[in-house]
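Reading through the structure tokens given below for one structure.
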Amino acid sequence: MLLRRLGEMVFVMAGISVLVFLIFFATPGADPAARIAGRNASPDVLAAVRHDFGFDQPLWVQYLLLMKRLFVTGDLTSFVNRGQKVIPSILQAVPVTLSLLIGAAVLWVAVSVAIGVTAALTRGTIVDRALMILGLVGVSMPVFWVGEVANLITQSRYHDSWFFSWVPALGYVPLTQDPVGWFKALVIPWVTLAILYIGLYGRVLRASLIEAYHEDFIRTARAKGLGEGRVLVRHALRTSLVTFVSLFGLDFGALVGGGTLLTEIVFGLQGVGFLTFNALQNLDLPVIMATVMYASFFVVASNAVVDLLYAALDPRVRLARA
Amino acid sequence: MVALVGLLVIALACLAAPLYAARVSGTDPFASNISGSVSIDGQDVAVMQAETEGLGFGTTPIGPTWRGPYFLGADTQGRDVMARLLYGGQNSLIIAGSATLITLVVAAVLGIVAGFFGGWIDIVLSRLLDILWAFPVFLLAISLSVVTIGHGLVIGPVTIGSDSLLLPILIIALVYVPYVARPIRGQVLQLRRTEFVLAARGLGVPRGRILRVDVLPNVATTLIVFAPLTMALNMIIESALSFLSIGVQSPQASWGTIIEDGQSLLYTRPLVAIAPGVAIVLTVLALNVLGDGVRDALDPRAKLKMR
Amino acid sequence: MPEAADEPLLRVEDLCVSFRSERGLLRAVDRLSFTVAPGEILAVVGESGSGKSLTSLAVMGLIDDPNAVLTGSIRYRGRELVGLPRRELRKVRGDEIAMIFQDPMSAMTPVYTIGWQIAEQVQAHSRLTRRQARARAVDLLGEMGMPNPAIQVDRYPHQLSGGMRQRAMIAMALSCNPSLLIADEPTTALDVTVQAQILRLVEQLRRDHGSSIVFITHDMGVVAEIADRVMVMYAGKVVERGPKPDLFATPGHPYTVGLLDSIPPMAGAKPRRLPAIPGAPPSPADRPDGCPFGPRCAHRHDSCRVDPPLYRRGRQDVSCTLVPEGADA
């Protein structure tokens, strides 16, 4: 069971690595050497670059070499900034992405639970409708645009008003250096990133709570003489948790891997997404390969974790497997 | 209903872009107009105005005039933002719409083939879809765009230029295929095991007929449910690619590229970036509302979850 | 308030449950009155849609549809339950009046063990610690005839058989020694042998705890085995009620006659087909004027155009115009 799972993970990641490799080396019209050598490079220079980077070797040799240096020796270096080791630069970017993501996740879980519960309890009323439309608006806003507008408000227009004067200039402040500065620098990015998920999760939770409230066991819980609060938390919310948690696992996995790219770019946070985008623009294949592998690892791993969580949260699933 | 009307209004307004550019704005929305001027209340005002603050070297494009020419002001090239907004809307809608069509058709074919025929075809297709699915959507889209944007795409005799709208259309279409194909495969698998299909096969009804009578109508319903939601996702990803300047290429516009143009003017002429964003939000919101409505109407148990 | 000696445990008067709908106010339970004496088993009989389940939910205060309108009076030990604040109602619910539902699979929360769910109810109404509540759950499961209660207590509902689940459900309902137990078709989902065991359990409960039981069913066979008194409901109304022997010996309402005819005979030749009442009960939306059973009744005549009141006949009450004539004759 566990071995099969692991095998699947390796298979999918290998597939993605081949895909990335093919996209960047075998796409008609794409020539990494030309990109590295510059626009007006002479044929001699181009040939030298080709040889230098090993582009004149067969594709499969290049692929294997890349994989070896990424996974075995771990000394993969960038094409663009020669000598820059890829793995350390990713590790350097991870805390930035994690800082952004964890804060946003706390925010979106708390707010979306509040919204979902409120909407479910006030079902059919104006409050419910308003919350659900707001949620849909949140889902419909491109995150980079929200970031721009947030910057406009907090960095320029109202920066001098008492309300936003605390917002520091764009960029990341390490937690270990200055916790307060870290917090201040990230509040606006947190909110920006969280908006989409607040809308999404609020709506999903409302739907599954309403579904739960139609179940017979809610009537039983009331017949037992339990308070409404306990019925809500221990029975309705608890049974809705499965959907919510699995959704969260998948989204969190995708975001850790660099799904925060747009938010990082808009707020000038040099996280994994930022690093990935820079590498992509420069066709810096070693960095691209490493970051994409890193990202897909989290996607695949979060899938596995969600399966485990499913079993942990729902005894019917757990016992069916055992 | 409101959503549908809203969508139609937006689409019609965008279709009227050439009319607007010719009759109302009176300038070419694709050519820079740095030294031009515009008459406001009988006074000639330069489109690019000298900066009064700071060192006074730079220029700032004219702000919103709230009338005919330069209704929403100009961008850094002195182009009429309102006219570009309408043209850009055309592109955004065309890209998202055609990509949706392609995604749904390809996904339906893959899903049906994998689900209905099973065996090694299913194994190969499912694995491929698994790999695509585990590839983070944005990374895949950006990777494909970055590679093709420089030189275009050459497939045998067919060359797609780097400024062609076909590039973003194909890329966006491909990216969401697994998200639709996987549920459709599941649905077909489930249908194949239902008793009426088993009975039909037992009676010797040919496969083609089962496919046509039992499978296709069910899959069609799913596709209709997915259509508006897929298009909403496509709108968002198109704008993101264009915002990163790897989608629609200048001098063509899309709502994403206008936001990008507006980025450098964010603090002086914020409307340039805000207006296309509002257009995106309204369109995507309408699509999402429509999607909810369609799903409630066709799939009351709302089992199809797209994420 | 001192309790009169002959004061019933539960007295329901003029209970109406209606639903607001596009077609106006639909009455699902129509001016229903009945009493339950201490230690008595009252069987409520009727087809689905006759309003019997809704009546039990009304007594529990569990009708939470925002479009439902409830009027009338429900007195428990002389205390009015209709309009009682939620907090007060909650103290009665589960503690003094408990309920068993038809399908214990869907009526128990799937993610908790049966022990946890029983202990939850115990702790809601007492100051027992978690450990004591759990011990109580084990005792109760044992009392309900569950083998190895100390092990079963940690099982999830889906791991048990239908009969064991219903035992757990009953154990939960009895965990606070309620004076009134409402059982809504507790044996319908079970096979016949398990059904007999559960019925024995219900009788034992009355004997040991002296509880009153309202037993809702559509199965006249079950009624014959367990009831002291019977109330037959049709289209939200009582059509006949009385002590079981009287009602079974001399059923007054054509509907009751029809229900009794549908019991398979215990001895003698099996009929090829049990007689059935033709037609289906009317929905609240299109109840006929006059006697609600009229359209399905073989004895319909002109005076059925007016809805008959309950006529007294011996120890029975019957809502049929044939009764006064028959009683006179």
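Consider B:S143 carefully, then state whether it is within 14 Å of chain A (Cβ to nearest Cβ), closer than 20 Å to B:T257 by Cβ, under 27 Å from the mean Cα position of the chain (by Cα) and not in a helix (DSSP H, G or I).
Considered against the rule, which asks whether it is within 14 Å of chain A (Cβ to nearest Cβ), closer than 20 Å to B:T257 by Cβ, under 27 Å from the mean Cα position of the chain (by Cα) and not in a helix (DSSP H, G or I), B:S143 comes out as no.
Identify the single condition in (1) at pLDDT 85 or above; (2) over 28 Å from C:D246 (Cβ atoms); (3) out of contact with any Lys or Arg (no Cβ under 6 Å at 6 or more places or on another chain); (4) not in a loop (DSSP other than H, G, I, E, B) that C:D95 does not satisfy, given that it satisfies every other one.
For C:D95, the exception is condition (4).
Looking at region A:275-284, can you tell me whether even one residue there is among the hydrophobic types (A, V, I, L, M, F, W, C) and within 14 Å of chain C (Cβ to nearest Cβ)?
The answer is no; no qualifying residue exists.
Scan region B:176-203 residue by residue and report those that are of a type in the set (K, R) and touching a Leu at 6+ places or on another chain (Cβ under 7 Å).
B:R182 - this is the single residue of region B:176-203 that is of a type in the set (K, R) and touching a Leu at 6+ places or on another chain (Cβ under 7 Å).
Looking at region A:195-216, which of the residues that are free of Cβ contacts under 8 Å to residues at least 24 places away in the same chain and more than 10 Å from chain C (Cβ to nearest Cβ) is farthest from the chain's Cα centre (by Cα)?
Checked region A:195-216; the qualifying residue farthest from the chain's Cα centre (by Cα) is A:H214.
Check off (1) farther than 16 Å from A:W145 by Cβ; (2) of a type in the set (A, V, I, L, M); (3) within 14 Å of chain A (Cβ to nearest Cβ) for B:V188 and give me the number that stays unchecked.
Result: B:V188 passes all but (3).
Quick check on this structure: which one of B:L86, B:L101, B:L93, B:L129 is among the aliphatic types (A, V, I, L, M), part of a helix (DSSP H, G or I) and within 11 Å of chain A (Cβ to nearest Cβ)?
Answer to the selection: B:L129.
Under 6 Å by Cβ, and 6 or more places apart or on different chains, what pairs join a residue from region A:217-235 that is more than 8 Å from chain C (Cβ to nearest Cβ) and assigned to a helix (DSSP H, G or I) with one that is surrounded by fewer than 17 Cβ atoms within 10 Å (Cβ to Cβ) and hydrophobic (A, V, I, L, M, F, W, C)?
none
Mind listing just one residue for me: the one in region B:151-173 that is under 24 Å from B:L93 (Cα atoms) and at the interface with chain A (Cβ under 8 Å from one of its Cβ atoms) and, of those, modelled with the lowest pLDDT? Give the derivation first.
Within region B:151-173, the first condition is being under 24 Å from B:L93 (Cα atoms), and the residues that meet it are B:152-153, B:159-173.
If we keep only those that are at the interface with chain A (Cβ under 8 Å from one of its Cβ atoms) as well, we get B:152-153.
Values: B:G152: 69, B:L153: 72.
Restricting to residues being under 24 Å from B:L93 (Cα atoms) and at the interface with chain A (Cβ under 8 Å from one of its Cβ atoms), the top hit is B:G152.
Which of the residues spanning region B:74-104 are touching a Ser or Thr at 6+ places or on another chain (Cβ under 7 Å), of a type outside the set (A, V, I, L, M) and either closer than 19 Å to B:I280 by Cβ or modelled with pLDDT of 80 or more (or both)?
B:R79, B:D80, B:G88, B:N91, B:S92, B:T100, B:T103 - these are the residues of region B:74-104 that are touching a Ser or Thr at 6+ places or on another chain (Cβ under 7 Å), of a type outside the set (A, V, I, L, M) and either closer than 19 Å to B:I280 by Cβ or modelled with pLDDT of 80 or more (or both).
Kindly indicate whether A:S140 is within 8 Å of chain B (Cβ to nearest Cβ), among the polar types (S, T, N, Q) and surrounded by fewer than 20 Cβ atoms within 10 Å (Cβ to Cβ).
no
Output the number of the condition that C:L10 fails; it satisfies all remaining conditions of (1) out of contact with any Phe, Trp or Tyr (no Cβ under 6 Å at 6 or more places or on another chain); (2) surrounded by 18 or more Cβ atoms within 10 Å (Cβ to Cβ).
Of everything listed in (1) out of contact with any Phe, Trp or Tyr (no Cβ under 6 Å at 6 or more places or on another chain); (2) surrounded by 18 or more Cβ atoms within 10 Å (Cβ to Cβ), C:L10 misses just condition (1).
Taking B:L282 and the conditions (1) under 15 Å from B:Y87 (Cα atoms); (2) in contact (Cβ under 8 Å) with a residue 40 or more places away in the chain, which numbered condition does it fall short on, given that it satisfies the others?
(1)
Out of B:G88, B:G78, B:G63, B:G97, I need the residue that is under 20 Å from the mean Cα position of the chain (by Cα), of a type in the set (G, A, S) and surrounded by fewer than 24 Cβ atoms within 10 Å (Cβ to Cβ). Which one?
Exactly one residue qualifies, and that residue is B:G97.
If you scan region A:120-142, which residues turn out to be of a type in the set (K, R) and outside any helix (DSSP H, G or I)?
Residue satisfying the conditions is A:R123 alone.
A:G253 is checked against (1) more than 20 Å from A:N303 (Cα to Cα); (2) surrounded by 24 or more Cβ atoms within 10 Å (Cβ to Cβ) and fails just one. What number does that condition carry?
Exception for A:G253: condition (1).
Kindly check whether there is at least one residue in region A:167-186 that is outside any loop (DSSP other than H, G, I, E, B), within 18 Å of A:L107 (Cβ to Cβ), among the aromatic types (F, W, Y) and within 25 Å of the chain's Cα centre (by Cα).
Yes, the conditions are met somewhere in region A:167-186.
Out of C:D95, C:D139, C:D103, C:D154, I need the residue that is away from chain A (no Cβ under 14 Å) and either surrounded by fewer than 21 Cβ atoms within 10 Å (Cβ to Cβ) or under 23 Å from C:S211 (Cα atoms) (or both). Which one?
None of the other options fit; the residue is C:D139.
Which pairs do you get when a residue that is facing another protein chain (nearest Cβ under 7 Å), found in region A:148-169, comes within reach of a residue that is crowded, with 16+ Cβ neighbours inside 10 Å, reach meaning Cβ atoms under 6 angstrom, with the pair 6+ apart or on two chains?
Every condition considered, the pairs that remain are A:E148/B:A273; A:L152/B:L266; A:L152/B:P270.
For the list (1) at pLDDT 75 or above; (2) not assigned by TED's automatic domain parsing to the domain that holds B:S242, I need the number of the one condition that B:Q49 fails.
Condition (1) is where B:Q49 drops out.
Go through region A:39-53 and give me each residue that's among the small types (G, A, S) and modelled with pLDDT of 75 or more.
Correct list: A:S42, A:A47, A:A48.
What residue, of A:G124, A:G147, A:G138, is at pLDDT below 95 and at positive phi?
The unique qualifying residue is A:G124.
Picking from B:F196, B:F135, which residue would you name as being within 14 Å of another protein chain (Cβ to nearest Cβ) and either on the phi < 0 side of the Ramachandran plot or among the aromatic types (F, W, Y) (or both)?
Details: B:F196 fails: within 14 Å of another protein chain (Cβ to nearest Cβ).
Sole residue among the options that is within 14 Å of another protein chain (Cβ to nearest Cβ) and either on the phi < 0 side of the Ramachandran plot or among the aromatic types (F, W, Y) (or both): B:F135.
Return yes when C:R86 is away from chain A (no Cβ under 13 Å) and out of contact with any Asp or Glu (no Cβ under 7 Å at 6 or more places or on another chain) and no when it is not.
No.
Which residues, counting only those in region A:249-268, are under 21 Å from A:M289 (Cα atoms), more than 9 Å from chain B (Cβ to nearest Cβ), touching a Gly at 6+ places or on another chain (Cβ under 7 Å) and part of a helix (DSSP H, G or I)?
Result: A:E264, single match.
Are there any pairs with C-beta distances below 9 angstrom linking a residue in region C:210-228 that is without any contact (Cβ under 8 Å) to a residue 24 or more places away in the chain to a residue that is buried (at least 23 other Cβ atoms within 10 Å of the Cβ), with the two at least 6 apart or on different chains, and if so which?
As it stands, the answer is none, since no pair meets every condition given.
Give the residue that is surrounded by the fewest Cβ atoms within 10 Å (Cβ to Cβ), with candidates limited to residues of region B:229-279 that are out of contact with any Ser or Thr (no Cβ under 8 Å at 6 or more places or on another chain) and away from chain A (no Cβ under 12 Å).
So the residue we want is B:P251.
The values are calculated or read from the model by the stated rules, or taken from the named source; none is laboratory data. Note that the coordinates shown come from a computational prediction; the quantities given were computed from them, not determined experimentally. All Cβ positions, even for glycine, are placed from backbone atoms using ideal geometry, and neighbour counts span all protein chains on display.
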